[in-house]
Every structure is written in C-alpha cells, then in structure tokens.
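Everything on this sheet refers to the single structure shown next.
The values are calculated or read from the model by the stated rules, or taken from the named source; none is laboratory data. Because the structure is a prediction, the values reported are computed rather than measured. Note that we place each Cβ from the backbone using ideal geometry, even for glycine, and neighbour counts take in every protein chain shown.
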Amino acid sequence: MSTALASIDVGVVAERRDAANPWIDHVWTPSAVVHGAPAAEPWTIIHEDNGRAEFFVGLAKIELFASATAHYRDNLASGDPRVWVILRPTGVSPPFDLVAVTADPAEGEGYTQAGADLVDAVTMPASIIEFVAGFVAEHHVEREFFKRKRDRHPSDALSKRPRGDNDER
C-alpha cells in the first residue's frame, strides 16, 4: 500500500527510431508525459514517419510523498523541471512494461542501478509543474542539516602509535 499523500494520472509517450546499427533495429526513448488519461489503448501508434514512430505506452501515476519535497523543490528550481520515466524490456511484444513515472530525481536515478531498465527524463508539463509546486508549498518542511560526529573507535589508537626504527617515513 502506498503512503503517497497525492498522485496525478499521466500518459506516457515513447519514440522508436530506426537505428543505423548492424546489431539493433530500433532505438527506444521515452519522449513525453501528458497530464491525464488519453483515450487510446496502450501501445497505440500516435504518429509515424521516416523511420520514426511515437507510441502511447500507457497510464501511470506520479505519486508525491512528504519526505521527498526537497527533491521536488530542487527539480522545480532547476529551470527545466523533469519527470523520470522507467520502462522495463519484456523481450516480447509490446517491447516494454511501464514501471514508474516520478518527479523525484533521486528516485529516477535509483532506477538506473538495475541496469536493464530504460530510464530517461522528459520535460515536465506545465499542469504537472503546478500540481507538484502546490504539493511542495503545502507539505515542505525545511530541515536543518545536522552533521554527526564520529565516535572514537579503539582501532583509532593504532594510528597514534609511536614510530619505530623500522617504520617508513
């Protein structure tokens, strides 16, 4: 069960381009996120021309959490707010499963660790910027940075031993 305080429905668009490569036929890239739920079925071709096609991949929810408001705020303040789209290869048709869409840059980066997922950031639409900005204004609490002091460990005593004749200088 999700602990998100708010969510917004989005549709995801991906682009397939012919590849000039002997090992692969196509290159896939998430290309857009649209606010709301389009009336198309997942993997419907939206536009096609000259070796390039755009597909409506499917629907997702961008979930917003109070603990991530600093990340959302920094994303909005970047001058080019982004939304991260995560697609996972299926090896069959359709070629990808829509795993997640997030406005949190740290969460988006976390998905890159899996290795096989297709993760890309696309421009955040104005209506989603408004929604995220409203959420940040309502839920963000500034937290003071607290630097912890390290406890001395008995092994630190080894670094303070007197030098002997055989020690290198």
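Out of the residues in the stretch 18-40 that are free of Cβ contacts under 8 Å to residues at least 40 places away in the same chain and in contact with a Phe, Trp or Tyr (Cβ under 8 Å, 6 or more places away or on another chain), which is nearest to residue 102 (Cα to Cα)?
Top of the filtered list is 38.
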Report task. Please state which one of 104, 117 is touching a Lys or Arg at 6+ places or on another chain (Cβ under 7 Å) and either farther than 16 Å from residue 69 by Cα or crowded, with 16+ Cβ neighbours inside 10 Å (or both). Result -> 117
Report task. Test each condition in (1) in contact with a strand residue (DSSP E or B) (Cβ under 9 Å, 6 or more places away or on another chain); (2) more than 22 Å from residue 2 (Cβ to Cβ) for residue 87 and report the one that comes out false. Result -> (2)
Report task. Would you check if there is a residue in the stretch 23-37 being surrounded by fewer than 18 Cβ atoms within 10 Å (Cβ to Cβ), outside any helix (DSSP H, G or I) and under 15 Å from the mean Cα position of the chain (by Cα)? Result -> yes
Report task. Filter the stretch 1-17 for residues that are among the aliphatic types (A, V, I, L, M) and either farther than 19 Å from residue 57 by Cβ or free of Cβ contacts under 8 Å to residues at least 12 places away in the same chain (or both) and give the result. Result -> 1, 4, 5, 6
Query raised in the report: What about residue 70, is it over 30 Å from residue 18 (Cβ atoms), among the aliphatic types (A, V, I, L, M) and touching a Leu at 6+ places or on another chain (Cβ under 9 Å)?
Result: no
Report summary line: Taking the stretch 30-83 and the residues there that are polar (S, T, N, Q) and touching a strand residue (DSSP E or B) at 6+ places or on another chain (Cβ under 6 Å), the one that is nearest to residue 120 (Cα to Cα) would be 31
Report summary line: Out of (1) at pLDDT below 95; (2) closer than 16 Å to residue 7 by Cβ, the one residue 109 does not meet is (2)
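Yes/no per residue for (1) surrounded by fewer than 18 Cβ atoms within 10 Å (Cβ to Cβ); (2) touching a Gly at 6+ places or on another chain (Cβ under 7 Å); (3) of a type in the set (S, T, N, Q); (4) modelled with pLDDT of 95 or more:
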site: 63; (1), (2), (3), (4): no, no, no, yes
site: 77; (1), (2), (3), (4): yes, no, no, yes
site: 83; (1), (2), (3), (4): no, no, no, yes
site: 98; (1), (2), (3), (4): no, yes, no, yes
Query raised in the report: When the stretch 38-64 is examined, which residues are found to be part of a loop (DSSP other than H, G, I, E, B) and either charged (D, E, K, R) or within 14 Å of the chain's Cα centre (by Cα) (or both)?
Result: 41
